[in-house]
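Comments concern the structure below.
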Amino acid sequence: MSTNMKSIIEAALFASQDPLTLDKIKMLFPEQDCPSKEALLSLLEELKSDYADRGVDLIEVASGYRFQSSTKYTEFLQRLWQRKPPRYSRALFETLALVAYKQP
């Protein structure tokens, strides 16, 4: 059942938009099969070690546990979010020209 529980936790962490607290993770399981807090922490540690050599890390933040991209790949991932220089409207340039013209 441990492998199944680990898979359920893994799926929930990937599906959730927000970090999951231990209480939310416990809610995934029926009351009769609900693992203890220590068992959950053990499963989370197993997941963390499973993902140690992959592109994502399981981390604990103040609001719970979540997967995030590994910091080793930051320079590659930044290429996905290259910023384009902002486009200024003609009205903005005209306003700036007036302000510059009125300066002492």
When the range 10-23 is checked residue by residue, the ones that are exposed (fewer than 14 other Cβ atoms within 10 Å of the Cβ) and free of Cβ contacts under 8 Å to residues at least 40 places away in the same chain are 11, 15, 17, 23
Residues satisfying the stated conditions in the range 43-89, i.e. part of a helix (DSSP H, G or I), free of Cβ contacts under 8 Å to residues at least 40 places away in the same chain and within 16 Å of residue 20 (Cα to Cα) = 44, 45, 48
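Which of the following residues is touching a Cys at 6+ places or on another chain (Cβ under 6 Å) and either open to solvent by 60 Å² or more (accessible area, probe 1.4 Å) or closer than 24 Å to residue 69 by Cα (or both): 26, 6, 37?
Working: 6 fails: touching a Cys at 6+ places or on another chain (Cβ under 6 Å); 37 fails: touching a Cys at 6+ places or on another chain (Cβ under 6 Å).
The match here is 26.
Please specify each residue of the range 17-41 satisfying the condition of being within 16 Å of residue 62 (Cα to Cα) and not in a helix (DSSP H, G or I).
Taking the range 17-41 as the starting set, the residues that turn out to be within 16 Å of residue 62 (Cα to Cα) are 17-25, 41.
Once the filter is applied, which keeps residues that are within 16 Å of residue 62 (Cα to Cα) and not in a helix (DSSP H, G or I), the range 17-41 yields 17, 18, 19, 20, 21.
The values are calculated or read from the model by the stated rules, or taken from the named source; none is laboratory data. These numbers were taken from a predicted model, which means no experiment stands behind them. All Cβ positions, glycine included, derive from the backbone under ideal geometry; neighbour counts span all protein chains shown. Side chains are part of the model used for accessible areas, which takes the heavy atoms of the whole protein and leaves out ligands, DNA and RNA. Shrake-Rupley method; radii C 1.70, N 1.55, O 1.52, S 1.80 Å.
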